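For reference, the structure is listed below as structure tokens.
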Amino acid sequence: MQKTDTTEQFSIEEDPFFAQDLQQMAKAANYRRWQFDLVAPYLKGKVLEIGGGIGNFTPDLARVAESVVSIEPNAYCHGQLVEKTKSLPNVTVRNITAEVLDRQMGADYQADTAVCMNVLEHLKDDELAVNTFSKRLKIGGLLVLLIPAGPWLFGEIDRRLGHYRRYSKQSARDLMRRTGLTTLKLRYFNFIGVWGWWWNARVAKSKTQSDSQIHVFDNYIVPWQSRLEAIIPPPMGQSLLVVARKDQRQPS
């Protein structure tokens, strides 16, 4: 039976736009599948999901993992995550923040893979966060990140989503180096999305994402763009895939 834990609770009022964005993106089935397909080759064994949200990716993780521990601090999102995964016996959901992961989970929990999809940019101290995630990895375990790319794209939508930053390959590589992880892969993806985000952030000065834009992107662009980028990696993208390995034990 699935286990839940309500160690720490946040109200939906603290972050309503974040939940709204997750609900919008839940409708983008092709894009969600594309993102999961990018991380799937690196998932194995015991998986720690940092920021399960409303469960957009958790059932997919459960299909390929031995077990999944998914943490989510937002009260509304946590409730949705529990509901979506209640029939999955290999999923445990915990209502805690990434920042208290060290204190709230038993020291004996060691994951084969820690996956953080579109979450690291929400954490004020990303170096502290990555160090915390790394402590929960076995030696040889992998940290898999999907993060927003292109610092020059940062705009009002990022701010309203609670983003502190967007990343370049160099800043992501530097972060992995500072936290003692070995970078195995850095790959931009979603080249077309760069220009849509640029238009919304820099020209239209939009404060929210458009349902119609998401619909067109998901149904008419993602199917062919994902196949093309699988053959020809783009020189830049709206997002960045990072895969890094823990090669040595961290000091406690």
With DSSP loop assignment and no more than 14 other C-beta atoms within 10 Å, the trypsin sites (Lys or Arg not before Pro) in the stretch 176-238 are Lys205, Lys207
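Sorted from fewest to most neighbouring beta carbons within 10 Å, what does the list Leu128, Leu241, Leu186, Leu143 look like?
In increasing order of surrounding Cβ atoms, one gets Leu128, Leu186, Leu241, Leu143.
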Too long at a 26 Å Cα-Cα cut-off: which of Lys46/Lys135; Lys27/Lys124; Lys124/Lys185; Lys44/Lys207; Lys46/Lys84; Lys46/Lys86? Lys27/Lys124; Lys44/Lys207
Farthest toward positive dipole pole in the stretch 147-252 [+1 Lys/Arg, -1 Asp/Glu at C-beta], among Thr179, Val194, Ala230: Thr179
Run the Debye formula on the Cα coordinates of the stretch 115-239, all scatterers equal and no solvent, and tell me log10 I(q)/I(0) at q = 0.10, 0.11, 0.14 1/Å. -0.35, -0.42, -0.68
Which of Val93, Val203, Val216, Val194 has the fewest other C-beta atoms within 10 Å, and how do the rest follow up to the most? Val203, Val216, Val194, Val93
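Using only helices, what value at 222 nm comes out for the chain when you add -39,500 (n - 2.57) per DSSP H run of length 4 or more and divide by the total residues, to the nearest 500 deg cm²/dmol?
Numbers: 11 runs with 94 residues, N = 252.
Helix contribution divided over all residues of the chain: -10500 deg cm²/dmol.
Calculate the FRET efficiency for Ile221 and Ala40 from the Cβ-Cβ distance with a Förster distance of 25 Å, rounded to the nearest 0.05.
Values: r = 21 Å, r/R0 = 0.85.
With R0 = 25 Å, the Cβ-Cβ based efficiency is 0.75.
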Just one of (1) 17.7; (2) 18.4; (3) 21.1 is Kirkwood radius over Cα pairs in Å calculated from these coordinates, so which is it? (2)
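With +1 on each Lys and Arg Cβ and -1 on each Asp and Glu Cβ, and nothing else charged, work out how big the dipole of the chain is about its Cα centre, in Debye to the nearest 20.
Numbers: 32 positive and 27 negative charges, 149 e Å.
In total the dipole reaches around 720 debye.
Just so you know, all these numbers are worked out from the coordinates, no wet-lab data involved. None of these values were measured; they are calculated from a predicted model. Glycine also receives a Cβ, built like all others from the backbone with ideal geometry; neighbour counts cover every protein chain displayed.
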